[in-house]
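Student: Have a look at the structure that comes next, please.
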Amino acid sequence: MKNTCASIILTGLLLSGSFLYSCQSSSSEMSFDSSKLPRADQEDIERLIEKFILAEDGDVVEIPAGFYNLKTQLILDNKKNVTIRGAGMAETVLSFRELRTGGEGVKLVGQNIKIEDLSIEDAPGDGIKSQHCDGITFRRINVTWTNGDKSKNGTYAIYPVQCKNVMIDECIASHSKDAGIYVGQSENIIVKNSLVFGNVAGIEIENSDNAEVFGNTARDNTGGILVFNLPGLPKAEGRGTKIFDNDILSNNHVNFATALNEEPNGNTVTLIPPGSGLILLAAKDVEIFNNRIHDNKTVGIAISNYQITGFPAEAPNWSPFTSNIYIHGNDYKRSLKLPDLTKEFGQLISVYNAHGKGKTQDIIYDGFWDKSLSPDISTNPMNVCIMEEEMSQLHFTLFDLWEGEDNIKSSKDYTPFECESEIQTNVSTISTM
């Protein structure tokens, strides 16, 4: 299905007038005036905190309309079959601006937990985190930081980690200094019909198995959608991701992530060049199809291996190589803006591509491969398959970086990668209710 502002229209927020959003605009303007909501008094706030503390298995925790100025975290610990429900994204707002201790605003642990129809603002760490959940649904959740794009904002807006059977549907995530929607070290995942904007990374699937990402709009982030496998995590590698029917548009935002040498929260996304549509990094078994990849000024799709980061590329049960990739049926539109030169990866793409300096690339492959499998990349040892229509009209660059920055080579030759692959996912275990 073609997604055009799907998450906004489906929630009816345009009708309420509480959100101001333009589907045609390439800017990140989306305003929610929570100052006009009635303020919950101290008794209302204490009652809400008590609901979380006293919740029992099977409960429905209703949060009435209003603005809740919270100075403590809301934690649901080890419960089953609990629903947390607000009155709507434009009606129920949980603000953690004055939270001084703890990281995330809301933390959920348990089985078959659902949270829906509310907004979360200004958490000092992550907006909402679920951990060790089997069955977790986020539906019509808006998470943001109200001061815009700041390196002091929280790391992740919506953050399920080490979970099973994850559903993220009709959500909105903006202004996080890492990823708006981040699913890490998890399995069986659906991310659909959601909007991410103004983040460093829009949607990130990291070290996770069996994910489908579809019907989303990723716009005005530094990078639109990421599939990463990073070393040294409790779950060594993830496999099996399908990314399809998404609008990946104008992800040209400045990268405001905390630098890697800055403590305590430097992270890999600081390396992402503005203008990145979709990035694979040490990714395994990924299919990318039927997406609109438009106006990303540096690169539409980057197929990259962990060596490109320059960091140590060894860890137990982990490989730095991207492998078994199938890219087909996508629609590309190159940006008229100049590619990024603020990041080394952007400089590589902009300066050393095979089509001329300053040329936006539709697809790049950094050209690292496992030499124990083949001495020659022309044999396509990592099974990278690209079967786009009119491939000859696209800007494709294959880099050769093995000899270092003093002897970078590039080629337009995509013929070694003209093949098809089969990527299997099965998300039938995830509740759609």
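Student: In the neighborhood of Ser421, defined by Cβ-to-Cβ distances under 11 Å, what is the net charge if each Lys or Arg adds +1 and each Asp or Glu adds -1?
Tutor: On the way: positive: none; negative: Asp285, Glu287, Glu420, Glu422.
Summing Lys and Arg as +1 and Asp and Glu as -1 gives -4.
Student: Where does each of 420-432, 100-112 land if you order them by average Cβ count within 10 Å, highest first? It would help to have the intermediate numbers written out before the result.
Tutor: Values: 420-432: 12.9, 100-112: 18.6.
Top of the packing list down: 100-112, 420-432.
Student: So what's the net charge close to Lys359: Lys and Arg +1, Asp and Glu -1, counting the other residues with Cβ under 12 Å from its Cβ? List each step's numbers first, then the result.
Tutor: Values: positive: Lys297, Arg334, Lys337, Lys357, Lys412; negative: Asp362.
Taking every other residue near Lys359 into account, the sum is +4.
Student: Return the distance in nm (one decimal) between the two label points of a simple spin-label model at Asp134 and Asn290, each offset 7 Å from Cα along Cα→Cβ.
Tutor: Simple spin-label model gives 3.2 nm for this pair.
Student: With the radius of gyration and the Kirkwood radius both derived from the Cα set of the chain, what is their ratio Rg to Rh? Don't jump to the answer; show the numbers that get you there.
Tutor: On the way: Rg = 21.3 Å, Rh = 21.8 Å.
Ratio of gyration radius to Kirkwood radius: 0.98.
Student: What shape does region 76-205 have by the C-alpha gyration tensor, where a ≥ b ≥ c are the square roots of the eigenvalues, rounded means a/c under 1.5, and otherwise prolate means a/b greater than b/c and oblate the rest? List each step's numbers first, then the result.
Tutor: Numbers: a/c = 1.44, a/b = 1.29, b/c = 1.11.
The shape class here is rounded.
Student: Another one. Taking other Cβ within 10 Å of each residue's Cβ, how do Thr83, Thr268 sort, fewest first?
Tutor: Working: Thr83 16, Thr268 19.
Least to most surrounded, the residues fall as Thr83, Thr268.
Student: Can you tell me the length gained on complete extension of the stretch Ser35 to Glu390, counting 0.36 nm per residue apart and subtracting the Cα distance?
Tutor: 122.7 nm
Student: Round to the nearest 0.05 the FRET efficiency obtained for Ile75 and Ala315 when R0 = 35 Å and r is the Cβ-Cβ distance. Please list the in-between numbers first.
Tutor: On the way: r = 32 Å, r/R0 = 0.91.
The pair Ile75/Ala315 has a calculated efficiency of 0.65.
Student: GNM, the chain, Cα, under 10 Å: largest mean-square fluctuation among Lys164, Lys371, Lys242?
Tutor: With Cα springs under 10 Å in the chain, the top fluctuation among Lys164, Lys371, Lys242 is at Lys371.
Student: Would you mind classifying region 170-279 by shape? Square roots of the alpha carbon gyration tensor eigenvalues, ordered a ≥ b ≥ c; an a/c under 1.5 is rounded, otherwise it is prolate if a/b is larger than b/c and oblate if not. Please list the in-between numbers first.
Tutor: Details: a/c = 1.88, a/b = 1.05, b/c = 1.79.
Oblate is the answer for region 170-279, as a/c is 1.5 or above yet b/c matches or exceeds a/b.
Student: What value, in deg cm²/dmol to 500, does the helix sum -39500 (n - 2.57) over DSSP H runs of n ≥ 4 give at 222 nm once divided by the residues of the chain?
Tutor: Numbers: 4 runs with 32 residues, N = 433.
The per-residue figure over the chain is -2000 deg cm²/dmol.
Student: Using a Gaussian network model of the chain with C-alpha springs under 10 Å, which one of Leu249, Leu37, Leu278 is most mobile by mean-square fluctuation?
Tutor: With Cα springs under 10 Å in the chain, the top fluctuation among Leu249, Leu37, Leu278 is at Leu37.
Student: Could I ask something else about it? Name the residue, out of Asn207, Asn305, Asn380, whose mean-square fluctuation peaks in a Gaussian network model built on the chain with Cα pairs under 10 Å.
Tutor: Taking springs between Cα atoms under 10 Å, the residue moving most is Asn380.
Student: Mind ordering 353-365, 407-419, 279-291 by average Cβ neighbours within 10 Å, highest first?
Tutor: Numbers: 353-365: 19.3, 407-419: 14.8, 279-291: 23.7.
With the highest mean Cβ count within 10 Å placed first, the list reads 279-291, 353-365, 407-419.
Student: Fewest to most neighbouring Cβ within 10 Å: what's the order for Asp331, Asp295, Asp376, Asp59?
Tutor: Numbers: Asp331 13, Asp295 22, Asp376 10, Asp59 16.
In increasing order of surrounding Cβ atoms, one gets Asp376, Asp331, Asp59, Asp295.
Student: Work out the length of the dipole vector of the chain about its Cα centre, built from +1 on the beta-carbon of each Lys and Arg and -1 on the beta-carbon of each Asp and Glu, and round it to the nearest 20 debye.
Tutor: Value, rounded to 20: 640 debye.
None of the figures in this text is laboratory data; all of them are computed from the coordinates on show. From a predicted model like this one, the values you see are computed outputs, not experimental measurements. Cβ coordinates were reconstructed from backbone atoms using ideal geometry, including for glycine residues, and neighbour counts include every protein chain displayed.
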